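The values are calculated or read from the model by the stated rules, or taken from the named source; none is laboratory data. Keep in mind the model is a prediction, meaning the values are calculated, not measured. Here the Cβ positions follow ideal geometry from the backbone for every residue, glycine too, while neighbour counts run over all protein chains shown.
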Amino acid sequence: MADADMRERVNTGIPGLDEMLRGGYFKGTVNVVSGDSGTGKTIFGTQFILEGAKKGEKVMCIITSEESKSIVREMYTSFGWNLEEYVNKGLIVFVDITDPSLRLQKSVEIAPSELIKSFKKLVESKIEEIQPSRIFIDSIEALFLAIESNYKLRTLIDDVFGVFRKHEVTSVITVGAMYGLDSMVEYGADSVVKLGRIIAGNNLQRSIYVMKMRGSGTINEVRVLNISDSGMQVLAQSPYLE
Ligand SMILES: Nc1ncnc2c1ncn2[C@@H]1O[C@H](COP(=O)(O)OP(=O)(O)O)[C@@H](O)[C@H]1O
Ligand SMILES: [Mg+2]
């Protein structure tokens with residue numbers, strides 16, 4: 001049944017990536033983007049939700065480690081993207097979990113699994129209220145880092161991902177490469193895109209590949225990821241120099 005499926009695809013908004021995914025993400029799936037610090041995860045997710053907002057869709061961005069102000073500022077200085085314009089139109093909704101009014105900030109007094117439970121509740125009520133087509137979570141590790149048992153971690157990850165699948169919202173979730181948490185998060189995802197850097201001689205290249213995509217063929221190549229003043233794009237070439 002290769003490529004004969006009738007499942008709806010959602011374009012990623014990243015030129016060149018939809019081709020690698022044979023048409024984009026499946027609607028309603030949980031899609032992880034992982035990579036070290038500075039590999040482009042935040043840009044990736046922002047470009048993904050911006051693509052929806054530009055088409056008039058409502059999208060949501062959940063930030064776990066900094067204030068939404070800083071992401072808005074960075075995307076403006078990097079690419080001139082004016083996220084605020086979409087926020088004002090009600091098309092982009094930021095959920096800042098460090099906002100004290102949500103009472104969800106990380107604290108030694110709160111048991112890690114309690115924090116995740118409250119996060120799940122918060123996200124679910126926001127999804128029901130806003131009904132976004134796309135969600136971007138940047139990033140998930142702050143939430144799960146304190147969970148010590150791998151078994152518990154798997155269960156909690158499945159639990160949180162289940163909320164997105166249930167509401168048929170297409171999500172992009174970033175995870176950094178810390179303490180092996182990324183592999184646990186990748187395990188529960190419908191698709192995983194890996195961002196990285198490759199050093200070849202004096203040359204530093206950004207790279208991207210599709211590590212997995214449930215229910216779809218993909219292009220099994222490592223390709224060059226280019227970030228410029230107009231954003232992120234995938235080039236149809238290998239980052240490894242001859
Ligand atoms: N206009 C631009 N042109 C080229 N590279 C850029 C531009 N804006 C930002 N970058 C690069 O993008 C990188 C940051 O990507 P980011 O998505 O924040 O990474 P991550 O979230 O994985 O830590 C920076 O290290 C910077 O080098
Ligand atoms: Mg980031």
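Does Ile63 satisfy the condition of being buried (at least 20 other Cβ atoms within 10 Å of the Cβ) and either modelled with pLDDT under 95 or acidic (Asp, Glu) (or both)? Before the answer, list the steps.
Working: buried (at least 20 other Cβ atoms within 10 Å of the Cβ): yes; either modelled with pLDDT under 95 or acidic (Asp, Glu) (or both): yes.
When the stated conditions are applied, Ile63 passes them.
Looking at Ser183, Ser238, just one residue is out of contact with any Pro (no Cβ under 7 Å at 6 or more places or on another chain), assigned to a loop (DSSP other than H, G, I, E, B), among the small types (Gly, Ala, Ser) and modelled with pLDDT under 95, and that residue is Ser238.
Considering only residues in segment 159-196 that are under 16 Å from the mean Cα position of the chain (by Cα) and among the charged types (D, E, K, R), the one that is farthest from ligand 1 (Cβ to nearest atom) turns out to be Glu168.
Return yes or no: is Val224 surrounded by 15 or more Cβ atoms within 10 Å (Cβ to Cβ), assigned to a strand (DSSP E or B) and touching a helix residue (DSSP H, G or I) at 6+ places or on another chain (Cβ under 6 Å)?
no
A count restricted to segment 134-158 and to residues that are within 15 Å of the chain's Cα centre (by Cα) and either over 18 Å from Val93 (Cβ atoms) or within 16 Å of ligand 1 (Cβ to nearest atom) (or both) stands at 9. Ile227 - would you say it is within 15 Å of the chain's Cα centre (by Cα) and in contact (Cβ under 8 Å) with a residue 24 or more places away in the chain? No: the conditions fail for Ile227.
Please verify whether segment 197-204 includes one or more residues that are surrounded by fewer than 19 Cβ atoms within 10 Å (Cβ to Cβ), within 19 Å of the chain's Cα centre (by Cα), of a type in the set (S, T, N, Q) and in a strand (DSSP E or B). Checked against the condition, which is being surrounded by fewer than 19 Cβ atoms within 10 Å (Cβ to Cβ), within 19 Å of the chain's Cα centre (by Cα), of a type in the set (S, T, N, Q) and in a strand (DSSP E or B), segment 197-204 yields no hits at all.
Of the residues Val192, Val172, Val163, which is part of a strand (DSSP E or B), farther than 22 Å from Glu66 by Cβ and not charged (D, E, K, R)? Can you show your working first?
Numbers: Val172 fails: farther than 22 Å from Glu66 by Cβ; Val163 fails: part of a strand (DSSP E or B).
Just a single option satisfies the conditions, and that option is Val192.
Ile140: at pLDDT below 95, surrounded by 14 or more Cβ atoms within 10 Å (Cβ to Cβ) and within 16 Å of Phe44 (Cα to Cα), yes or no? Yes. When the residues of segment 205-221 are filtered to those that are among the hydrophobic types (A, V, I, L, M, F, W, C) and assigned to a strand (DSSP E or B), the one that is surrounded by the most Cβ atoms within 10 Å (Cβ to Cβ) is Ile208. For Gly52, the stated conditions do not hold, so it cannot be described as under 25 Å from Val160 (Cβ atoms), touching a residue at least 24 places away in the same chain (Cβ under 8 Å) and within 15 Å of ligand 2 (Cβ to nearest atom).
Scan segment 210-242 for residues that are among the polar types (S, T, N, Q) and under 16 Å from Tyr25 (Cβ atoms) and jot them down.
Hits for segment 210-242 are Ser216, Thr218.
With the requirement that a residue be of a type in the set (Asp, Glu) and either farther than 16 Å from Glu51 by Cα or touching a strand residue (DSSP E or B) at 6+ places or on another chain (Cβ under 7 Å) (or both), what does segment 69-87 give you? Within segment 69-87, just Glu74 meets the criteria. Of the residues making up segment 1-50, those that are within 16 Å of ligand 1 (Cβ to nearest atom), buried (at least 21 other Cβ atoms within 10 Å of the Cβ) and of a type outside the set (Val, Ile, Thr) number 12.
Quick grid of which residues meet (1) out of contact with any strand residue (DSSP E or B) (no Cβ under 8 Å at 6 or more places or on another chain); (2) of a type in the set (Asp, Glu); (3) modelled with pLDDT under 95; (4) surrounded by fewer than 21 Cβ atoms within 10 Å (Cβ to Cβ):
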position: Ser149; (1), (2), (3), (4): yes, no, yes, yes
position: Arg154; (1), (2), (3), (4): yes, no, yes, yes
position: Gly162; (1), (2), (3), (4): yes, no, no, yes
position: Val175; (1), (2), (3), (4): no, no, no, no
